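Trainee: This is the structure, below, for whatever I ask next.
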Amino acid sequence: MNMINLGNAIQVLVMAGLLGWSVLFMLKRIAPNFVRNQQYQLANAFNKHGWKKVAQWLEPAINTGGGCGSGCSTCGSCPSNPNKAKTAK
C-alpha cells in the first residue's frame, strides 16, 4: 500500500514540475519584462541573505536590444541578413 502512495507522490511532483516549467516558459514569451523584473528581485533577495552563488545564477542576462542591425536575422529586413541578399537576386 505504501508503494502506491509513493508512486502517486512521485507522479504529482513530476507533473507539478512540468507544469511550473511550462508556465515559466509561457510567461517568458508573453511578458518578458515582468519575468526579468521578478528574477532580478529574487536575485537581490538571495544576495541580501548572503547566497551569492544562487544570486549570480538567478541574475537575468543583460538585454542587448535586438533592434535593426543587431545581426539577429529574424525579421529579414536588416542589411546584415544574408538571406535577403539571396532572395533579391
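Since every read-out is calculated from the coordinates, none of them should be taken as a lab result. Note that the structure is a prediction, hence the values are computed from the model and not measured. All Cβ positions, glycine included, derive from the backbone under ideal geometry; neighbour counts span all protein chains shown.
Trainee: Which whole-Hz couplings ³J(HN,Hα) result when phi for each residue of region 9-18 is put into the Karplus expression 6.51 cos²θ - 1.76 cosθ + 1.60, θ = phi - 60°, listed in order with x for Gly and Pro?
Mentor: Using θ = phi - 60°, the values come out as 5, 5, 4, 5, 5, 5, 5, 5, x, 5 Hz.
Trainee: Short version: ³J(HN,Hα) in whole Hz for each residue of region 30-43, in order, from phi by Karplus 6.51 cos²θ - 1.76 cosθ + 1.60 (θ = phi - 60°), x for Gly and Pro, what are they?
Mentor: Values, residue by residue: 8, 10, x, 5, 4, 5, 5, 5, 5, 5, 5, 5, 5, 4 Hz.
Trainee: Using a cut-off of 11 Å between beta-carbons, work out the net charge of the residues near PHE46 (Lys and Arg +1, Asp and Glu -1, PHE46 not included).
Mentor: +2
Trainee: Now, a different point. Would you mind putting 46-53, 12-19 in packing order, based on average other-beta-carbon counts within 10 Å, highest first? Before the final figure, lay out each step's value.
Mentor: On the way: 46-53: 11.5, 12-19: 10.0.
Ranked by mean Cβ neighbours within 10 Å, highest first: 46-53, 12-19.
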